[in-house]
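Below is one structure, written out as structure tokens; comments come after it.
The values are calculated or read from the model by the stated rules, or taken from the named source; none is laboratory data. Remember, predicted model here, so these are calculated numbers, not experimental data. Methodologically, a virtual Cβ is constructed for each residue, glycine included, from the backbone with ideal geometry; neighbour enumeration extends over all protein chains shown. In case anyone asks, the SASA skips ligands and DNA or RNA and just uses the protein heavy atoms, side chains included. Shrake-Rupley method; radii C 1.70, N 1.55, O 1.52, S 1.80 Å.
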Protein chains: 6
Amino acid sequence: MADDTEPMTRFPVPDIEELPEDIQDRIEEESERAGFTPNVFPAIGYRPQQARAFIDYHDALLEETDLEREEIEMIIVAVSGVNDCLYCIVAHGALLRIYAEDPMLAEQVASNHRTAEINDAHRAMLDFAVKLTEDPAAVEDEDIERVMDHGFSRKAIWDIGNVTAFYNLSNRMAHLADMRPNEEFYTLGRD
Amino acid sequence: MADDTEPMTRFPVPDIEELPEDIQDRIEEESERAGFTPNVFPAIGYRPQQARAFIDYHDALLEETDLEREEIEMIIVAVSGVNDCLYCIVAHGALLRIYAEDPMLAEQVASNHRTAEINDAHRAMLDFAVKLTEDPAAVEDEDIERVMDHGFSRKAIWDIGNVTAFYNLSNRMAHLADMRPNEEFYTLGRD
Amino acid sequence: MADDTEPMTRFPVPDIEELPEDIQDRIEEESERAGFTPNVFPAIGYRPQQARAFIDYHDALLEETDLEREEIEMIIVAVSGVNDCLYCIVAHGALLRIYAEDPMLAEQVASNHRTAEINDAHRAMLDFAVKLTEDPAAVEDEDIERVMDHGFSRKAIWDIGNVTAFYNLSNRMAHLADMRPNEEFYTLGRD
Amino acid sequence: MADDTEPMTRFPVPDIEELPEDIQDRIEEESERAGFTPNVFPAIGYRPQQARAFIDYHDALLEETDLEREEIEMIIVAVSGVNDCLYCIVAHGALLRIYAEDPMLAEQVASNHRTAEINDAHRAMLDFAVKLTEDPAAVEDEDIERVMDHGFSRKAIWDIGNVTAFYNLSNRMAHLADMRPNEEFYTLGRD
Amino acid sequence: MADDTEPMTRFPVPDIEELPEDIQDRIEEESERAGFTPNVFPAIGYRPQQARAFIDYHDALLEETDLEREEIEMIIVAVSGVNDCLYCIVAHGALLRIYAEDPMLAEQVASNHRTAEINDAHRAMLDFAVKLTEDPAAVEDEDIERVMDHGFSRKAIWDIGNVTAFYNLSNRMAHLADMRPNEEFYTLGRD
Amino acid sequence: MADDTEPMTRFPVPDIEELPEDIQDRIEEESERAGFTPNVFPAIGYRPQQARAFIDYHDALLEETDLEREEIEMIIVAVSGVNDCLYCIVAHGALLRIYAEDPMLAEQVASNHRTAEINDAHRAMLDFAVKLTEDPAAVEDEDIERVMDHGFSRKAIWDIGNVTAFYNLSNRMAHLADMRPNEEFYTLGRD
């Protein structure tokens, strides 16, 4: 592959072949789907047991959810924009373009979700995700009710919250390691 | 049990007996160790698959680590203090008192780690955890070197970072759900 | 006395016997009531005339007031939580537990008054105290009316404001001197 | 008197003649010195015992001090500038012009002490006062040493700290009451 | 001229006679009107073509506008107060005193527009200017409607916005160069 | 043209043909160069005289400068990233990709200039631009010296400052009007 972006700069990147087999399989699966190996996988492999937990948490949020995939990616991009996380803005920006079938939505959500071209329900959803990111101690019952008024179930609120929380974790891991998005992510879903 | 604190106020608390068996077992194990069931377990059971991932992530951080348990609890209390998270300050404050064998350390670290009675290495460790919490995009190579200068391995830096990241997740889940610490946690380890 | 916590670390602690007699008397009185000498007294004795003014201000706020003592301690703990002041969180946290007869209230108010188990009037009172602490220039007529709507008199508003203002002073003196709470305060009122 | 500025807008202003005699005397003394009655005195008279404590605290800071009066006013104006307090900026700005014999210093210190035309020692003194105002929990031993390196005694550090702390109190009382400076203060010391 | 304040400290101040003639003419015009040469003119002359653009932008805002001159100066002083810009607070404070014929308004608006003695329409206008200064990405349709409800035209909103934006530019140029207001500005319009 | 993005949502967009002829000519020139009419031009045409000043200011910064065009675009993207300005991030992100001949640089600089793949001189340049954006009153002589140590002339410092200042203006105009970048900008310079 032409891409020679280093997955991260602050920790040695492990050889995928030396990772535990279940993690290798999981990475291969993702690589086949994407056509390349997203840099986050070799990067987090630095600590294999922690990596397995990271991947499983990510998968649980996609599998046990009342949210559409497009909504999940919207939340991730908004949260990562607030946290100024290059890796997640670029990689999940690509996924958002693909799942929302909208080549301009990623930049809009990453820079300022308030003026993004989204419906009112998604605006309320992102207001909540951004508040839980920026000022979590200030979240109150009314914030939750405001999102539910737009048709989200109580379980969906939890899911919005947990996606937000997990990317507050992920953004910090990416900043810690200085993770670099693969070149492919910058252009995926733009046409 | 004498304690009738509700585990959380914003979502219905599931019956532990209706959770998947592996999670029941895991909760039972924790309950036996503590002498009571920490409220976080029934609370996160609201979304069982996500709960399993949450518990596994927590366990991975304790098992695959270059840090002492006392150091991990110190980080958790400092991060939770910055994020104003009642549940984690009180529950992990108790654990910090126990593991550090110091009845006054929890309040010191939760309110202002800069003046806590800890050694220079732990001060540097907490400076890093607090920066990664408050301003993750500003973390630079020098911040990492400063902590390593105090004798922490590069792997330990990753571990400090991941504990910090995970409690940025946990604090947000506790704020989302308005989780309430068990009465027992307030007094554990005070004598 | 078993407690060997230094009252402060950044200024020499004066001998109480060398302080002016009226201050010695006042300290003795407090020590008898508490069963020990709260560290703030020897600490502020570093500048005796200023110390006298400090004690008198404190006393005036307790004597000329439309507030219950429990309410005053609630305000102090909330303000000190915002200002991350170890001495005041621990010492007045003990007083709050005692006056409110609630062993769990101090941590709740210190970490996040919004989710503390208090009534609506006290929530409004603490919202006001926290706003006057964090963003005093933004206080407006409506903020005052909102608290009065909960039954507080106009004089009580002034008293809330002055307690808040005085602990914005006290918290800064404690940070300046690095005052350390007596060991006794950590456990007082917990049972 | 030509000036008809109301001393404050949010609480009823008491008649000076109905205040306790010692406070009346103290106000008269100030009025004679200034040539008019500074609005803060009738304003704080709303709660006479608290007012007495306020005046005594103020006096203690002027009497028991290692600082020059000009330095004290400099600190007050810098702190009040950070806290956006109209009353104290205007009233103590006038005093600063008078004591420093400099008609342009007040605006310089109130808007941005970093570029005010003051010597290095006063710059260090104001850096410290501003840090103790904005981020008191971050004050460390080094901050104190940095000011002492400019020739301030340890007692002077305490005095700088207490003046800073007291005007963090005063600024909040002025914001609470919406105190208005007398018209005279705007022009005093300008020629 | 008696005033010997240096126009700026961080860049060499050009001789006015060496500036392009059209700029010299423009400066002479301003100097005649004011009775002295405002320091901003020689200062920005450091880069003549940029200076011409700066002056023309300023002039366009005064000529093509739905705002009164008094309103423009009010906005400038409020924005400069938020940005702590000595030059603009003092120079435009003088203009505000003159155009509003109010010797006390400048300090009120510069320190805290919320309690300045202005009408409700001007309060709404300044709320908008301050929000666009402090948190521009949070401006929403409702903010604009709120100002229009007070009788401002849509074109006036644009003008408020552009004056605000231009002084966010000017304040930064003044901070960059450490521009110093002429002594005259401190007292103009005070009687 | 396929692109039907509205140039802005909060003000009526003028017909270019009804603008003053010199502005029409200037817009035509830009449109020919780009192959489409950047939305900023019709948008700012809402106030033609102000628009002329805006365009002239922009041109002056490109013509009278010690900076490379690539450096100017880098500063614009960094500043616009801090200010969360969609229009400028996307439009000038395209220009940065083109002038720097680097398809990945825009996202790096917009999200976090600290980890962008740029040389040390450009890092120092952007540190300065970001500080002047976020905390202009804190800029000091040392900040300027730090950039000059990397080989920038004093005139270049002024130019960095004025580009930064002008985009603090432009970002606010774009937020005011809710300007929307043309679809073309999202993909320009990506291959």
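Within the option set A:Asp149, A:Asp178, being open to solvent by 10 Å² or more (accessible area, probe 1.4 Å), under 19 Å from A:Phe54 (Cβ atoms) and not β-branched (Val, Ile, Thr) holds for one residue only, A:Asp178. Among the residues of the range E:28-47, are any modelled with pLDDT of 95 or more and within 8 Å of chain F (Cβ to nearest Cβ)? Yes, because at least one residue in the range E:28-47 is modelled with pLDDT of 95 or more and within 8 Å of chain F (Cβ to nearest Cβ).
Only one of these is open to solvent by 30 Å² or more (accessible area, probe 1.4 Å) and in contact with a Lys or Arg (Cβ under 8 Å, 6 or more places away or on another chain): E:Glu32, E:Glu6, E:Glu28. Name it.
E:Glu6
When the range E:9-25 is filtered for residues that are part of a helix (DSSP H, G or I), more than 14 Å from chain F (Cβ to nearest Cβ) and exposed (fewer than 15 other Cβ atoms within 10 Å of the Cβ), the ones remaining, listed by number, are E:Glu17, E:Glu18, E:Glu21, E:Asp25. Taken over the range B:98-114, the criterion of being part of a helix (DSSP H, G or I), surrounded by fewer than 24 Cβ atoms within 10 Å (Cβ to Cβ) and more than 9 Å from every other protein chain (Cβ to nearest Cβ) is satisfied by B:Ile98, B:Tyr99, B:Ala100, B:Leu105.
Could you grab me the full set of residues in the range C:145-170 that are away from chain D (no Cβ under 12 Å) and touching a residue at least 24 places away in the same chain (Cβ under 8 Å)?
The initial filter retains those residues of the range C:145-170 that are away from chain D (no Cβ under 12 Å), namely C:146, C:149-152.
The answer is C:Asp149, C:His150, C:Gly151, C:Phe152.
Annotation note: Cβ proximity below 7 Å between a residue of the range C:33-62 that is within 18 Å of C:Thr9 (Cβ to Cβ) and a residue that is hydroxyl-bearing (Ser, Thr, Tyr) and part of a helix (DSSP H, G or I) (sequence gap 6+ or interchain) occurs for C:Thr37/C:Ser31; C:Val40/C:Tyr87. Pairing each residue of the range F:67-80 that is in contact (Cβ under 8 Å) with a residue 60 or more places away in the chain with any residue that is aromatic (Phe, Trp, Tyr), provided the two are 6+ apart or on different chains, yields C-beta distances under 7 Å for F:Ile76/F:Tyr167; F:Val79/F:Tyr167; F:Ser80/F:Tyr167. Given the criteria buried (at least 23 other Cβ atoms within 10 Å of the Cβ) and either assigned to a helix (DSSP H, G or I) or touching a Cys at 6+ places or on another chain (Cβ under 6 Å) (or both), does F:Ala78 qualify? So F:Ala78 passes the test. Against the list (1) open to solvent by 10 Å² or more (accessible area, probe 1.4 Å); (2) more than 15 Å from the chain's Cα centre (by Cα), the condition F:Ala43 fails is (1). Would you please name the residue that is nearest to B:Ala116 (Cα to Cα), looking only at residues in the range C:115-139 that are of a type in the set (Asp, Glu) and part of a helix (DSSP H, G or I)? It comes out as C:Glu134. Here's a check for you: in the range D:115-126, which residue that is of a type in the set (D, E, K, R) and either under 18 Å from D:Thr164 (Cα atoms) or more than 10 Å from chain E (Cβ to nearest Cβ) (or both) is least open to solvent (accessible area, probe 1.4 Å)? Top of the filtered list is D:Arg123. Checking each residue in the range F:83-96 for being closer than 21 Å to A:Phe185 by Cα and surrounded by 24 or more Cβ atoms within 10 Å (Cβ to Cβ) picks out F:Leu86, F:Ile89, F:Val90, F:Ala91, F:His92, F:Gly93, F:Ala94, F:Leu96.
Figure legend. Inter-residue proximity from the range D:91-109: first residues hydroxyl-bearing (Ser, Thr, Tyr), second residues assigned to a helix (DSSP H, G or I) and surrounded by fewer than 24 Cβ atoms within 10 Å (Cβ to Cβ), beta-carbon distance below 6 Å, spacing 6+ or different chains. Indicated pairs: D:Tyr99/D:Arg69; D:Tyr99/D:Glu70.
Could you tell me whether C:Glu73 is buried (at least 24 other Cβ atoms within 10 Å of the Cβ), farther than 20 Å from C:Arg172 by Cα and in the same structural domain as C:Val163 (by TED's automatic domain parsing)? Give the derivation first.
Numbers: buried (at least 24 other Cβ atoms within 10 Å of the Cβ): yes; farther than 20 Å from C:Arg172 by Cα: no; in the same structural domain as C:Val163 (by TED's automatic domain parsing): yes.
Considered against the rule, which asks whether it is buried (at least 24 other Cβ atoms within 10 Å of the Cβ), farther than 20 Å from C:Arg172 by Cα and in the same structural domain as C:Val163 (by TED's automatic domain parsing), C:Glu73 comes out as no.
Here D:Met173 fits the description: open to solvent by less than 10 Å² (accessible area, probe 1.4 Å) and at the interface with chain C (Cβ under 10 Å from one of its Cβ atoms).
Among the listed residues A:Val82, A:Val40, identify the single one that is under 30 Å from B:Ala156 (Cα atoms) and in the same structural domain as A:Ala156 (by TED's automatic domain parsing).
Values: A:Val40 fails: in the same structural domain as A:Ala156 (by TED's automatic domain parsing).
Just one listed residue meets the conditions, A:Val82.
For the range C:136-144, check the following and say yes or no: at least one residue is in contact (Cβ under 8 Å) with a residue 12 or more places away in the chain and outside the structural domain of C:Gln24 (by TED's automatic domain parsing). Write out each step before concluding.
First pass over the range C:136-144, keeping only residues in contact (Cβ under 8 Å) with a residue 12 or more places away in the chain: C:143-144.
If we keep only those that are outside the structural domain of C:Gln24 (by TED's automatic domain parsing) too, we end up with C:143-144.
Within the range C:136-144, one or more residues are in contact (Cβ under 8 Å) with a residue 12 or more places away in the chain and outside the structural domain of C:Gln24 (by TED's automatic domain parsing).
Across the range A:127-144, the qualifying residues are those that are under 15 Å from A:Met74 (Cβ atoms) and within 8 Å of another protein chain (Cβ to nearest Cβ), and the one among them that is surrounded by the most Cβ atoms within 10 Å (Cβ to Cβ) is A:Leu132.
Just one of (1) under 28 Å from A:Glu134 (Cα atoms); (2) within 19 Å of the chain's Cα centre (by Cα) trips up B:Asp143, so point out which. All conditions pass for B:Asp143, except number (2).
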